Amino acid sequence: MIKNYLKTAWRNLWKNKVFSAINILGLALGLACSLLILLWVQNEIAVDAFHKNGPYLYTVYERTFNDHKVSGQYYTPGILAAELKKDIPEIKYAANFSYNEEYNFKVGDKVLKMDGTSTDVDFFKMFSYKLLQGNAQTALNSPVSLAISRKMAESFFGSAQAAIGKTILFDNRKNFTVTAVFENLPQNVSAKFDYLTNWNCFLEDNPWAKQWNANGPSCYIQLRADANPSLVEKKITHFLDTYVKNQQKGTPNTELGLQRFDEGYLHSNFENGKFEGGRIEYVHLFSIVSIFILLIACINFMNLTTARSVKRAREIGVRKVVGAVRSVLIKQFIGESLLFTAFAVIVSLAFVICLLPLFNAVTQKQIALPFNEGSFWLKLVIITFITGLVSGMYPALFLSSFNPVRILKGTIKLGSGTATFRKGLVIFQFVLSVVLIISTIIVSRQINYIQSVNLGYDRENLVYIPLEGDLVPKYNVFKNEALQLTGVKAMSRMSSMPTTIYVGTNSVSWEGKDPNSNVEFTFASVGYDFVRTMKLQMAAGRDFSRDFQSDSSGYLINEAALAKIGYTDPIGKPLVYSGKRGRIIGVVKDFHFTSLHYQINPIIIWLREKSSFGYALVRTQPGKTKEALAGIETLCRKLNPNFAFTYTFSDEEYQKLYDNEQVIGKLSNVFAALAILISCLGLLGLAIFTAEQRLREISVRKVLGASVSSLFTLLSSEFLMMVFISLVIASPVAWYAMHKWLQNYAYHTKIEWWVFVFAGLIAILITLITVSFQAIKAALANPVKSLRSE
């Protein structure tokens, strides 16, 4: 019997090649899309989830109460880890961890620039990064210890084993000894690094990190196995109070909290001091999208199968007459559905294999199909079974319900409920498609807004060059000679790139400050000509100038800082930053120095022409950037021969802040296009079904004189009405979803009314294109053929 059913299913599949191809293609596209999203979701969830001590690893974060608002951040004082470990017995290990920086390393004549960071001696005891050489207990136990990756070891010494005990010149100023070599980091880690230095190295280069009221690094802890995380969190909540009191008057209302380390990658956004969303929102969003697209594909199968019901009516009638019961027919049709789905799964795997390289390029990942994992095949079997069951259940129930007497008489009359159900399925399809169209348009508008918004400075023709090696003591020579080069318009320096100023402090006071107020300021140091180089706008006062020696103790502030301080006439008014008394010499108009996700913070800018780190900001003349960089490279090789010349463009660094948005925008475009394509197949199925059911009606109308255009309008109007209903339902859903998404940005585009109209026009145009062929074909059909049996 099973063999007979399989043979029948195969014959039907082969007999109706076009119908079968459309059916399998629709399912395959839906399955391929769902599989790609499933692989991406699994990859996202796996980030930072491989550490052996994962259940006991926590990130310490800060909740700060400022101006009746609560904010959260991962940045903490640079001396927090040691104090926590000393005072809280439940903490087994603790490690500070700084932000990544690129530095030059030199062995003999070989010089390479590597990306890495500094951390504490406990780091390798806490985290499961595989050590090829050295051991976790001693890897970073000395101020001159250096742990490097396999890639870095092989680049300098040929092998991991040969690297141990060797000396590397760091930044052309300090010798480190290689004490450990770790395996190249896997893809599923959130923090990438090729080297790690002892924490003392960071503190020596960044004295501000030794202050309790200055934040910048991260802090990780490992609890003892018997510790209660909730009780530990209560213990550390007000941990900072005593330490901050020792350094400034008043107590900043700052609390500490704990977050599981492996949750930080997906849950990184703060709202009112609590974790609200992050990348997990995209995981949820695309998981839902994958389910919806698969549902759309299953609905297509239902509509296309029922559209062909008239073709199989006699087969069903004969089977029933010779004794087939309904349950047997249901099993037969579900079996056919599973067979179709199995073919679709095979085709979808081929699609996924072909599309994975492009998908990885878009998502910036290295995802591979895990053919060697049994769990993957089990999931694939489950997906095949569920998809086949969902897509085949309704056609099986529908086809098996035919009355054999009426079928064999040739009078098949379908109830209005059946037609309504199918229309409802198509409406549901188009609701999802229209939501995706609207969402894609709004996401694209937000990305365009990000790229075109006025940042408060001109990011075009602006280049960042790291100040390292001999460029640090020779900065003035470097600047003076660079300004003589072709294409160089202006030059200054800054403690960090203007798009990544994160360091904050509460240690700011001024005349009339409320002793109970706790305002956190961002701070940065700059050189002369900063305002001119960045093309900032002055709201009051002036930039730092060599003509005023007192500027060494002067400050620039932005409008947000002025609003917090409250001076009505700020120029010349006193300001104390971290115990350093000075006066305000200028107010710059607000400019964005972090992502548009966040409000512009108050910032204090002070003069530091001589600094051991930072970046040179070079403004080039339009159209002459290439010549300017060529000249600067020659100059750098002369002044700083031991360091490779590197630079980054301001607009490229700005775009890096929105890598997620770029990925989401591209994926949204692809998924919206796929949903529309699959929905069109479903619409085609209903058009075929409607044309077959109304063939005699159309023939009668033609005999009575109906024109082709009137028949086309008759057949098309029904589908346009379904699209209109879909628009009415989809518009508020899409508006709500996009409104919530845009709330993640402090600065965002508006949701304009025309977006919904445009999406509606797209849906209508797609509908007309899809149904027009079938409608015109039915309208042009010879009425004699359908009426001659009457």
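The values are calculated or read from the model by the stated rules, or taken from the named source; none is laboratory data. The structure presented is a predicted model; accordingly, all values stated were derived computationally and were not measured. Quick reminder, even Gly has a Cβ in these numbers, built from the backbone with ideal geometry, and neighbours come from all protein chains shown. Quick note on the areas: whole protein, heavy atoms, side chains included, nothing else; ligands and nucleic acids left out. Shrake-Rupley method; radii C 1.70, N 1.55, O 1.52, S 1.80 Å.
Could you work out how far helix 326-363 tilts from the main Cα principal axis of the chain, as a 0 to 90 degree angle to the nearest 10?
With rounding to tens, the tilt is 30 degrees.
Would you give the gap between the C-alpha center of the stretch 212-235 and the C-alpha center of the stretch 650-675, rounded to a whole Å?
Cα centroid of the stretch 212-235 versus Cα centroid of the stretch 650-675: 35 Å apart.
Lys/Arg Cβ at +1, Asp/Glu Cβ at -1, dipole of the stretch 113-249 taken about the Cα centre: which of Ile148, Leu240, Tyr220 is farthest positive-ward?
Leu240
For the stretch 109-220, what is the accessible area per residue in Å² when the probe is 1.4 Å?
Using a 1.4 Å probe on heavy atoms only, each residue of the stretch 109-220 averages 37 Å².
As I understand it, the dipole of the chain uses +1 on the Cβ of Lys and Arg and -1 on the Cβ of Asp and Glu, about the Cα centre. Which of Asn640, His284, Leu765 lies farthest toward its positive end?
Leu765
Report the local net charge at Glu101: Lys and Arg +1, Asp and Glu -1, summed over other residues whose C-beta lies under 11 Å from its C-beta.
Net charge in that neighbourhood comes out at -4.
What ranking do 30-43, 534-547 get when scored by the average of other Cβ atoms within 10 Å per residue, highest first?
Most protected by this proxy first, the peptides run 30-43, 534-547.
So if I take the centroid of the Cα atoms in the stretch 275-293 and the same for the stretch 701-762, what is the distance between those two points in Å?
25
Calculate how steeply helix 753-780 sits against the longest principal axis of the alpha-carbon atoms of the chain, using the helix alpha-carbon long axis, and give the answer as 0 to 90 degrees to the nearest 10.
Roughly 30 degrees, rounded to the nearest 10.
Round to a whole number: what % of the accessible area of the chain belongs to carbon and sulfur, probe 1.4 Å?
58
Kirkwood hydrodynamic radius of the stretch 81-200 from all distinct Cα pairs, in Å?
Here the Kirkwood hydrodynamic radius works out to 14.5 Å.
Relative to the longest principal axis of the C-alpha atoms of the chain, give the angle of the C-alpha long axis of helix 416-452, reported between 0 and 90° and rounded to the nearest 10°.
20
Largest first and to the nearest Å, give the Cα extent of the chain along each principal axis.
106, 57, 54
At 222 nm, what helix-only mean residue ellipticity would the chain give, in deg cm²/dmol to the nearest 500, using -39500 (n - 2.57) for each DSSP H run of four or more?
Estimated from H runs of four or more residues: -16500 deg cm²/dmol.
Just to confirm my numbers, what's the Cα centroid distance between the stretch 126-143 and the stretch 558-620 in Å?
Rounded to whole Å, the Cα centres lie 41 Å apart.
Which percentage, to the nearest 5, of the DSSP beta bridges contained in the chain is antiparallel?
80
Taking only protein heavy atoms into account and a 1.4 Å probe, give the accessible area per residue of the stretch 486-534 in Å².
For the stretch 486-534, the per-residue accessible area is 31 Å².
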